[in-house]
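The values are calculated or read from the model by the stated rules, or taken from the named source; none is laboratory data. Just so you know, these numbers come straight off a predicted model, no measurement behind them. Cβ sites come from the backbone with ideal geometry, for glycine too, and all protein chains shown count toward neighbours.
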Amino acid sequence: MADTFADRFAAARARYGPLVWGLDPSGPLLEEWGLGDTADGLDAFADRLLDAAAGTVALIKPQSAFFERHGWRGIRTLQRLLAEARAAGLLVVLDVKRGDIGTTNTGYAEAYLGAGAPLEADAITVHPYLGLDALGPFVSRAHQAGSCVLVVTRSTNPQGRPVQAAVGPDGHSVEADLLRGIGDLNAALAPGCIGPAGAVIGSAPLPPALDLATANALFLAPGVGAQGASCADVARTFAACPDRVMPSSSRSLLSAGPDAAALRDAASALAAELAAALR
């Protein structure tokens, strides 16, 4: 088996801090930057962000939808961005939120995970609501490839709370059961280690507290900055496992653009603030 994503994250975190730089090239942002909401503008955005992120942060998180909306040329840009970012030493979390059943999940896993995948990433996001067991093709391929599958468990959007916090007949919430299942997967595949299954948990603290520490998982924590969560919020939410959280910020960092130096400064400052909060 390849070296694990958890190992690579720990090394990158020690050097650059835990920040995940979310890349969300929406149409309004491309226009605001003077690049134009076109496939060419998207290409220029990718070049600008590669220049700013490499050697500044540990991880980037491209949102696939903003590339897919430009059709085949957007997907070509995404493919190039993934390859060049990983070649530059960046870890890449591809935010695709896939999730189906059976051979469909096998196809998705082959697209994104493992050597030779056309859109190879170090980690991807997935939805679990066709059943955690249905994610088996993602988890097994991630385990073999040394990648990570990040399961949406407690999201940042208020509309998700009725589903995620719903309590079943056993008295457990959906999100608590998901987290327990993620821990079981990791215990089976990587006993005593941080396993290939992780979770997406919003940065801001919410009741009731989840048992994060025992899942032996990494956590992608969106919501820092424009969505209202602070570095102190991240530290409170992940107090039981501060070395396993990957806090993500997108819009608040991109608002520093389009100047590459200003982008680097904003990302460096937030990465240092998060590193201090999560000691």
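Observations
- Residue within the stretch 248-270 that is under 16 Å from PHE9 (Cβ atoms), surrounded by 18 or more Cβ atoms within 10 Å (Cβ to Cβ) and hydrophobic (A, V, I, L, M, F, W, C) present: no
- Note on the stretch 102-125: residues that are modelled with pLDDT of 95 or more, more than 24 Å from ARG73 (Cα to Cα) and of a type outside the set (S, T, N, Q) total 0.
- Pairs meeting the criteria (first residue in the stretch 244-263 and at positive phi, second residue not in a helix (DSSP H, G or I), beta carbons under 8 Å, at least 6 apart or on different chains) are lacking.
- For first residues located in the stretch 215-229 and free of Cβ contacts under 8 Å to residues at least 40 places away in the same chain, partners that are among the basic types (Lys, Arg) and assigned to a loop (DSSP other than H, G, I, E, B) and lie 6+ apart or on another chain with Cβ distances below 7 Å do not occur.
- Enumeration of residues in the stretch 221-262 that are in contact with a Leu (Cβ under 7 Å, 6 or more places away or on another chain) and not in a loop (DSSP other than H, G, I, E, B): CYS231, VAL234, ALA235, PRO242, ARG244, VAL245, MET246, PRO247, SER248, SER249, LEU253, LEU254
- Residue match in the stretch 117-139 (condition: within 24 Å of GLY223 (Cα to Cα) and among the polar types (S, T, N, Q)): yes
- Scanning the stretch 205-225 for residues that are within 21 Å of ALA275 (Cα to Cα), hydrophobic (A, V, I, L, M, F, W, C) and surrounded by 15 or more Cβ atoms within 10 Å (Cβ to Cβ) turns up LEU212, ALA217, LEU218, PHE219, LEU220, ALA221, VAL224.
- Flag for VAL174 being modelled with pLDDT of 95 or more, in contact with a His (Cβ under 7 Å, 6 or more places away or on another chain) and either more than 15 Å from PRO18 (Cβ to Cβ) or of a type in the set (Ser, Thr, Tyr) (or both): no
- Cβ-Cβ under 6 Å pairs, at least 6 apart or on other chains, the stretch 169-191 side over 18 Å from THR4 (Cα atoms), far side of a type in the set (D, E, K, R) and crowded, with 18+ Cβ neighbours inside 10 Å: GLU175/ARG154
- Some residue of the stretch 72-91 being of a type in the set (Phe, Trp, Tyr) and either farther than 27 Å from GLY36 by Cα or at pLDDT below 95 (or both): no
- Condition check for SER203: in contact (Cβ under 8 Å) with a residue 40 or more places away in the chain, over 23 Å from ASP3 (Cβ atoms), of a type in the set (Ser, Thr, Tyr) and out of contact with any Phe, Trp or Tyr (no Cβ under 8 Å at 6 or more places or on another chain): yes
- Whether a residue is of a type in the set (Val, Ile, Thr), at pLDDT 95 or above and closer than 20 Å to LEU220 by Cβ was assessed, and THR56 passes this test.
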